[in-house]
Amino acid sequence: MKVSVVVPVYNTGEDLSRCVESVLGQTLDDYEVIFADDGSDDGTEKRLDGLAAEHDRVRVIHLPPSGGPGGPRNAGIDAARGDYVYFLDDDDWLGPEALERMHAMAVRNDADIVIGKMVGHGRAVPRAMFRQSRDRADVLKDALYGILTPHKLFRRSFLDAHRIRFPEGPVRLEDHRFVLKAYFRAGVISVLADYPCCHWVRRPGSYSRSRPDPAHYYGALREVLDIVDEHVEPGPDRERYYTHWYRGKILKRLGEKSFLEAPPDYRRAVYDEARRLVVERFGEGIDRSLPLRMRVRAALLRADAYDDLFGLVEAERGVTLATTVDDLGWDEDRLVVRFTARLVHADGTPFAVRDGRWRPPVPLPVPADVLDAAGEGRRLDLYIRRRKDSADHLLPVTAESSDAFTMSGTAVVDPAADPVLTPGVWDFVARLDTGGWTVERRLEGGERSARRGRLAPYRTENGRLSVRVLASETERDGSRGPLLRRAIKKIPGARRAVRRLRA
């Protein structure tokens, strides 16, 4: 058997439907699906038994409740018959060709791990690691640590040979510990970036979204850092790994909405545990490699400036991206889009810079050099997003900076040279990464332009730029139809008049 898909399940109910439909609709010819039920008692367990009775490729393992996904995943590995194992959560789903494509890449490259492209729904997915497919990827160079969930294809004999398993029970960062061990031991890791393999969903009330005990959470993070220490010598490479968790699990966490809305005693407990870990494991030299946003938070955390830190993160809430389409033009049948993106605060005011330094929205007791924005790395991307399934495709952009928080760019849409641009409606999404803020937003503006070739750009009712990609140059552009129908609904008596005209 080629692949075993392992799905841990607990009281999923109707949310399981799309996952089931996707795993049973795969184009791969030889695979199985193992649902590892972690003590469900809401009827999910009976539904799984019904699926197993109806489909030969479905197997169900009923387990006593463990309180976390690690135990069910381990049970799935032990029961698997496939050469490779893929882990999928019960509220996520796969693209129809996901298993076939990932398995083919694994066999072609003799890979121990294949990371298929992930598409986030209600949650952000790091873009850097999916900019292009790679037969042999490097964990550091290709930023594979950017996403450490187990939604990946693993060679089963590789997991067994190195005794790689998930921590079990109600533990945190169990996926980081599993994936990181696999990364350090893998001979070949491949990345498949040209097909949306996994649709990753944020479901309210899931285990990963519940509020963790601060001591337990940062204790788990210590164990992750211990794994790094075991495999990476002190120096720049170890600092790069450390920086990932410093940014994402300590400094970023202190500004998350769910954390800011927690009770004051809980926020204080998290702050105290985070600061204790920083003093213990993160040397001050690592702060210099942080982007501006996180560098300021780190300075306040080290100074034990609790009130100033939370005054800052409160003031940062609602930071977004203002986008404008500066020009739409044509180069023969290619659409040329010129646009600008700038960081703005919740009230719409742009980020302020003076003498090359960021001017925070509140006064801060930090050295002036901490606020230096002149040397910040920045990147402007433009994605074109297929509306029917939210699949993103990165367009090449020629970009330039106006200041540390504003960039302008030019991108070209050419379906003749880009087979990914299949027929349908595509939306334009700008993404600005600067100073530790990474924000994306639909392009605003742009007017309907006369279609050329297979492209028919238009402005939506909400004032955003979209383009309809047609199957051929002779296909009729139907993009006016939906807009006209919606406009007619808003005009009193218009529908009756249209019916009379048609009659």
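The values are calculated or read from the model by the stated rules, or taken from the named source; none is laboratory data. From a predicted model like this one, the values you see are computed outputs, not experimental measurements. Ideal geometry is used to build each Cβ from the backbone, glycine not excepted, and the neighbour counts take in all protein chains shown. Please note that ligands, DNA and RNA were not included when accessible areas were found on the heavy atoms of the full protein model with its side chains. Shrake-Rupley method; radii C 1.70, N 1.55, O 1.52, S 1.80 Å.
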Q. Tell me, which residue of region 185-211 that is open to solvent by 50 Å² or more (accessible area, probe 1.4 Å) and at pLDDT 90 or above is farthest from Ile147 (Cα to Cα)?
A. Gly187
Q) When both residues are 6+ apart or on different chains and their Cβ atoms are under 7 Å apart, which pairs have a first residue that lies in region 132-144 and is farther than 18 Å from Arg101 by Cβ and part of a loop (DSSP other than H, G, I, E, B), and a second that is of a type in the set (A, V, I, L, M, F, W, C) and modelled with pLDDT of 95 or more? A) Asp142/Val191
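Do we have any residue at all in region 423-442 that's part of a loop (DSSP other than H, G, I, E, B), among the β-branched types (Val, Ile, Thr) and within 23 Å of Ala471 (Cβ to Cβ)?
Scanning region 423-442, I find no residue that is part of a loop (DSSP other than H, G, I, E, B), among the β-branched types (Val, Ile, Thr) and within 23 Å of Ala471 (Cβ to Cβ), so the answer is no.
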Q | Only listed residue being in contact with a helix residue (DSSP H, G or I) (Cβ under 6 Å, 6 or more places away or on another chain), in contact (Cβ under 8 Å) with a residue 12 or more places away in the chain and among the hydroxyl-bearing types (Ser, Thr, Tyr), chosen from Tyr218, Tyr183 | A | Tyr218
Q. Exposed (fewer than 14 other Cβ atoms within 10 Å of the Cβ), out of contact with any helix residue (DSSP H, G or I) (no Cβ under 6 Å at 6 or more places or on another chain) and not in a strand (DSSP E or B) - does that describe any residue in region 315-330?
A. yes
Q) Right, Trp426: in contact with a His (Cβ under 9 Å, 6 or more places away or on another chain) and either open to solvent by less than 20 Å² (accessible area, probe 1.4 Å) or free of Cβ contacts under 8 Å to residues at least 24 places away in the same chain (or both) or not? A) yes
Q: Take the residues in region 367-384 that are among the acidic types (Asp, Glu) and assigned to a strand (DSSP E or B), then tell me which one is surrounded by the most Cβ atoms within 10 Å (Cβ to Cβ).
A: Asp381
Q: Kindly establish whether Asp42 is assigned to a loop (DSSP other than H, G, I, E, B), without any contact (Cβ under 8 Å) to a residue 12 or more places away in the chain and either closer than 16 Å to His151 by Cβ or not β-branched (Val, Ile, Thr) (or both).
A: no
Q. Considering only residues of region 297-314 that are under 12 Å from Leu251 (Cα atoms) and within 25 Å of the chain's Cα centre (by Cα), which is surrounded by the fewest Cβ atoms within 10 Å (Cβ to Cβ)?
A. Val313
Q. Any chance region 385-393 includes a residue that's in a strand (DSSP E or B), open to solvent by 50 Å² or more (accessible area, probe 1.4 Å) and modelled with pLDDT of 90 or more?
A. yes
(Q) Condition check: modelled with pLDDT of 95 or more, among the hydroxyl-bearing types (Ser, Thr, Tyr), open to solvent by 60 Å² or more (accessible area, probe 1.4 Å) and not in a loop (DSSP other than H, G, I, E, B). Does Thr398 satisfy that? (A) yes
**Q.** Neighbours by Cβ (under 7 Å, 6+ apart or cross-chain): first from region 334-361, closer than 30 Å to Glu473 by Cβ; second surrounded by fewer than 16 Cβ atoms within 10 Å (Cβ to Cβ) and among the small types (Gly, Ala, Ser)
**A.** Val336/Gly329
